[in-house]
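Here is the structure we will look at.
The values are calculated or read from the model by the stated rules, or taken from the named source; none is laboratory data. Source: prediction; values computed, not measured. Note: ideal-geometry Cβ built from the backbone for every residue, glycine included; neighbour counts use all protein chains shown. The accessibility values were calculated without ligands, DNA or RNA, using every heavy atom of the protein model including side chains. Shrake-Rupley method; radii C 1.70, N 1.55, O 1.52, S 1.80 Å.
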Amino acid sequence: MSQHGNSILEVSPMRSRSLPTQFVDAHHHFLDTKQNSFQQRFLASLVGNDVAYLPQDYERDVVTTLKHAGINLVSSVHVECMPDDGYDEACWIELLCQADVNKQHQSNPCTIAAIVASCDLASPNAYDELRKLHSNSKLVRGVRWILDYTGTPYESATHVATTRHAPGMEDYLRGGPNESVLPEFERGFAFLEEFGYTFDLQCAPEQLSSAAELFR
C-alpha cells in the first residue's frame, strides 16, 4: 500500500476529522510460495513460486500507513489464500503470530485476532478437517471456500479457484438436482454448526438465490 516511499493514504487536515481513530482489518492474506509446501501447487501456479507477503510487509504497508493518518489498527482477520492444505496454512499463521510475540517488540505486535481457514465442505473428509482445525487452532473462527461459478469460466464472475472442483461439480451452489445446492456441499455446510464456525460466502450474483437455501 505504499508507492515510491510515499503513502497512498494521503489525508488532508479537513478529511482526517471524519476518519475513524480505530480500525479492524477484516480480510487480508499472508503467503510465501517459496517456503510453504502447502502453497506450492495451486497458489504458486497462479502467482509464481517465489512470492511472499509477510507480517513485516503488512506492518509497513498497512499498520504504519494507518498510523500516519491517525488511525490505530486494533486487530485483523487472516482469510485463507487458496492453500493446498487449510490446516497447514492455519498452523503457519499461528506460528507467525507466535514468532512476532516472542520478539517482544511492542511497536510491532501480531495483529491477527482470528483466522478464516480453508476447507472444502464438499470433500468426503470435510468433517475430519473441521475437527482437526477446531482441536488444534485457537484462532480459527470460520472457513471459506470460494464458490463463484457462472458456467462460463474466465469470461464472467467465475473464480479461478473453482478449477479445483471435480469435473461435473464446479458449481457447488447449483450443481444439485434442479439447480439446487450440491448435496455433498450441503452435507459439509451442516457440520459447521457443531464447531461453532462461520462460513464466508463468496459467490457470483447468479448463485445467490441458491445460496439463500442453505440458511432456511
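Out of all the residues in the range 125-150, which are small (Gly, Ala, Ser) and either open to solvent by 20 Å² or more (accessible area, probe 1.4 Å) or more than 21 Å from residue 173 (Cβ to Cβ) (or both)?
Just the residues of the range 125-150 that are small (Gly, Ala, Ser), to begin with: 126, 135, 137, 142.
The answer is 135, 137.
Just checking, which of 120, 148 is over 14 Å from residue 87 (Cα atoms) and among the acidic types (Asp, Glu)? Full working, then the answer.
Working: 120 fails: over 14 Å from residue 87 (Cα atoms).
Among 120, 148, only 148 is over 14 Å from residue 87 (Cα atoms) and among the acidic types (Asp, Glu).
Of these, 170, 194, which one is open to solvent by 50 Å² or more (accessible area, probe 1.4 Å), outside any loop (DSSP other than H, G, I, E, B) and either out of contact with any Pro (no Cβ under 7 Å at 6 or more places or on another chain) or farther than 13 Å from residue 122 by Cβ (or both)?
Values: 170 fails: outside any loop (DSSP other than H, G, I, E, B).
Checking each option against the conditions leaves just 194.
Go through the range 32-62 and give me each residue that's open to solvent by 20 Å² or more (accessible area, probe 1.4 Å) and among the aliphatic types (A, V, I, L, M).
46, 47, 51, 52, 54
Restricting to the range 57-96, what's the tally of residues that are modelled with pLDDT of 95 or more, touching a helix residue (DSSP H, G or I) at 6+ places or on another chain (Cβ under 7 Å) and small (Gly, Ala, Ser)?
2
Looking only at the range 197-216, filter to residues that are among the aromatic types (Phe, Trp, Tyr) and outside any helix (DSSP H, G or I); which one of those is farthest from residue 144 (Cα to Cα)?
Keep residues of the range 197-216 that are among the aromatic types (Phe, Trp, Tyr), which gives 197, 199, 215.
Cutting the leftovers down to outside any helix (DSSP H, G or I) gives us 197, 199.
Details: 197: 10, 199: 6 Å.
This residue is 197.
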